[in-house]
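A.B. asks: Before we start, here is the structure in question, set down as structure tokens.
No lab work stands behind these numbers, since they all come straight from the coordinates. Remember, it's a predicted structure, so these values are computed and weren't measured experimentally. When we count neighbours, we look across all protein chains shown, and the Cβ atoms used for this are built from the backbone with ideal geometry, even at glycine.
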Amino acid sequence: MTARPNALPWLLLSAFVIAIDQFTKWLALAKLGSVGSIAVIPGILNWTLAFNPGAAFSFLADQDGWQRWLFAALALGVSAILIVWLARTPRYDWKDAAPLALIIGGALGNLIDRLRLGHVVDFIHIHWQGAWHYPAFNIADSSIFVGAVMLIAFGLFRRTPAK
């Protein structure tokens, strides 16, 4: 019996996400370090340098450092599980493979920051006229979010073949 090609080549998408994420974080550190924030679309979008030692929405950011290792272990564990899932997914099944690859790339992009810097670099700041602010985020966070939404949407609307 010959094995069907699996979806592991989709890890190239993960590598692309990691590369773009790390490049944009490098740019943010280099360009925003001295100014802090630049208005891209005044009243709506700024490039704002922020450091997050916690998780989404600064969850556990006020702790004394142990959370760095917890979130690093979670990123490694989740990525390992998703890589196994990719290995069991047929290569042509992009509706499973693409979201998994996006989540893996995002998780590993933020993991690199945690291990290298002790915190995650964020720089995309969406707000409304100073009255409402969404917490700053980055490309890795966006990749995780888009991948999760795709997994949910494709899972909800998946057609199962009739028996």
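A.B. asks: If you scan segment 77-98, which residues turn out to be surrounded by 14 or more Cβ atoms within 10 Å (Cβ to Cβ) and either assigned to a helix (DSSP H, G or I) or within 16 Å of the chain's Cα centre (by Cα) (or both)? Steps first, answer last, please.
C.D. replies: Residues of segment 77-98 that are surrounded by 14 or more Cβ atoms within 10 Å (Cβ to Cβ), as a first pass: 78-79, 82-83, 85-86, 89, 91, 93-98.
Matches in segment 77-98: Val78, Ser79, Leu82, Ile83, Trp85, Leu86, Trp94, Lys95, Asp96, Ala97, Ala98.
A.B. asks: Same structure again: Please go through segment 99-122 and give me each residue that is outside any helix (DSSP H, G or I) and touching a strand residue (DSSP E or B) at 6+ places or on another chain (Cβ under 8 Å), ordered by number. Outline the logic, then answer.
C.D. replies: Step one: filter segment 99-122 for residues outside any helix (DSSP H, G or I), giving 118-122.
The answer is His119, Val120, Val121, Asp122.
A.B. asks: Could you grab me the full set of residues in segment 25-54 that are free of Cβ contacts under 8 Å to residues at least 60 places away in the same chain, under 22 Å from Arg68 (Cβ atoms) and not in a loop (DSSP other than H, G, I, E, B)?
C.D. replies: Our first condition is that a residue be free of Cβ contacts under 8 Å to residues at least 60 places away in the same chain; within segment 25-54, this holds for 26-27, 30-31, 33-36, 38-42, 54.
Next, from what is left, pick out any that are under 22 Å from Arg68 (Cβ atoms): 26, 33, 54.
Passing the criteria: only Trp26.
A.B. asks: Of everything in segment 118-145 that's touching a helix residue (DSSP H, G or I) at 6+ places or on another chain (Cβ under 8 Å), of a type in the set (S, T, N, Q) and in contact (Cβ under 8 Å) with a residue 40 or more places away in the chain, which residue is surrounded by the most Cβ atoms within 10 Å (Cβ to Cβ)?
C.D. replies: Ser143
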